[in-house]
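Note sheet for the following structure.
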Amino acid sequence: MSKDKKLKELVVLSGKGGTGKTTLTAAFAALAPSLVLADCDVDAADLHLILSPEVLQTADFIEGKEAIVERSLCSGCGLCSEVCRFDAFIEESDGTYSIDPVRCEGCGVCVRVCPEKAIKFEDRYCGKWMISDTRFGTMVHARLEAAGENSGLLVSLVRKEARRIALEHEKDLLLVDGPPGIGCPVISSVTGADAVVLITEPSVSGMHDLERVSTLAKNFGIPVFVCVNKADIDITMTEAIKQQVIDSKNHFVGTIPYDEAMVQAQMRALSAIEFITGETRDRIEQIWEQIWRAM
């Protein structure tokens, strides 16, 4: 990328699931200039349901170690079970032992104490990450397996690869669909970003979650833009959220009405911009224009 052209990174977040974060991310992707997408909600990725990606490249995500018993060598002494703090060992009917992979934390103590050297310490497969092509541009995404660990590290990997592709192809924007909440995966999503968009809904829990995630973003010194989805469900609460945003010196960029067409768009694997007309589409376009100008 030329020195006079800076890649901008925008992360879309919400305090909890179900607020419309991924729906708005897909809509922004339809409106944005040249971009690369990163779906960093690796615990429950669903941006692919709207964008129908064609997978071009797949790689395993390996993180940590897990113990595996070679039962033909096991003498059934039970020492491994005695020292395991996580109760991961299962005594089988023949007196030998196996390991519950969900309980195993990969500490390796059993490997050290086994007198028969029957326990192997192997890399733990936790999921996959992928590079795909979509109608809006390249997308990097991942799938964390059940009981897979370290989603924060997988988020960092997805972001890093997406940034590499965006810089290599001189794109204008890296658009990140972040995970909900305020945990480690969220921190991995926002670190070093240029701006954060927070999607909330007009409810007491929505206001509370918004305050938590906006505080997190501000701690990183990142500009925060806020929009209320399904705003007309509770107009009084929407106004209260707007005032809270203004008082906290964040940027309130607008509201989106409740619209059943949003669901219809998702059922057709389309973004809101590709399917909806009228006020809802106009509001989304206005919100996007405010954010993009401010970045």
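Yes or no, residue by residue, for (1) at pLDDT 95 or above; (2) touching a helix residue (DSSP H, G or I) at 6+ places or on another chain (Cβ under 6 Å):
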| position | (1), (2) |
| --- | --- |
| Lys3 | no, no |
| Gly17 | no, no |
| Ala27 | yes, yes |
| Ala30 | yes, yes |
| Asp39 | yes, yes |
| Asp46 | no, yes |
| Leu51 | yes, no |
Selection count where residues are touching a strand residue (DSSP E or B) at 6+ places or on another chain (Cβ under 7 Å) and surrounded by 13 or more Cβ atoms within 10 Å (Cβ to Cβ), scope the range 46-58: 5
Single residue of the range 69-118 satisfying the filter (out of contact with any Lys or Arg (no Cβ under 8 Å at 6 or more places or on another chain), closer than 29 Å to Ala44 by Cα and in contact (Cβ under 8 Å) with a residue 24 or more places away in the chain) that is surrounded by the fewest Cβ atoms within 10 Å (Cβ to Cβ): Val102
Test: residue in the range 170-182 that is buried (at least 24 other Cβ atoms within 10 Å of the Cβ), assigned to a helix (DSSP H, G or I) and either in contact (Cβ under 8 Å) with a residue 24 or more places away in the chain or among the acidic types (Asp, Glu) (or both): no
Members of the range 119-133 found to be buried (at least 21 other Cβ atoms within 10 Å of the Cβ) and more than 24 Å from the chain's Cα centre (by Cα), listed by number: Ile119
Residue count, the range 256-295 (criterion: at pLDDT 95 or above, in contact with a Pro (Cβ under 9 Å, 6 or more places away or on another chain) and not in a helix (DSSP H, G or I)): 0
Of all residues in the range 134-148 being surrounded by fewer than 20 Cβ atoms within 10 Å (Cβ to Cβ) and in contact with a Gly (Cβ under 6 Å, 6 or more places away or on another chain), the one that is nearest to Asp123 (Cα to Cα): Glu145
Filter result (basic (Lys, Arg) and part of a loop (DSSP other than H, G, I, E, B)) within the range 1-31: Lys3, Lys5, Lys6, Lys16
Hits in the range 212-225 (condition: in a helix (DSSP H, G or I), surrounded by 17 or more Cβ atoms within 10 Å (Cβ to Cβ) and touching a residue at least 40 places away in the same chain (Cβ under 8 Å)): Val213, Ala217
Single match in Val197, Val155, Val186, Val228 (criterion: in a strand (DSSP E or B), in contact with a helix residue (DSSP H, G or I) (Cβ under 8 Å, 6 or more places away or on another chain), surrounded by 23 or more Cβ atoms within 10 Å (Cβ to Cβ) and in contact (Cβ under 8 Å) with a residue 60 or more places away in the chain): Val197
Strands (runs of 3 or more DSSP E) wholly inside the range 32-112 containing at least 3 residues that are more than 30 Å from Val190 (Cβ to Cβ) and either in the same structural domain as Met262 (by TED's automatic domain parsing) or not acidic (Asp, Glu) (or both): 54-69, 97-99
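The values are calculated or read from the model by the stated rules, or taken from the named source; none is laboratory data. Everything quoted here is computed from the prediction, not taken from an experiment. Quick reminder, even Gly has a Cβ in these numbers, built from the backbone with ideal geometry, and neighbours come from all protein chains shown.
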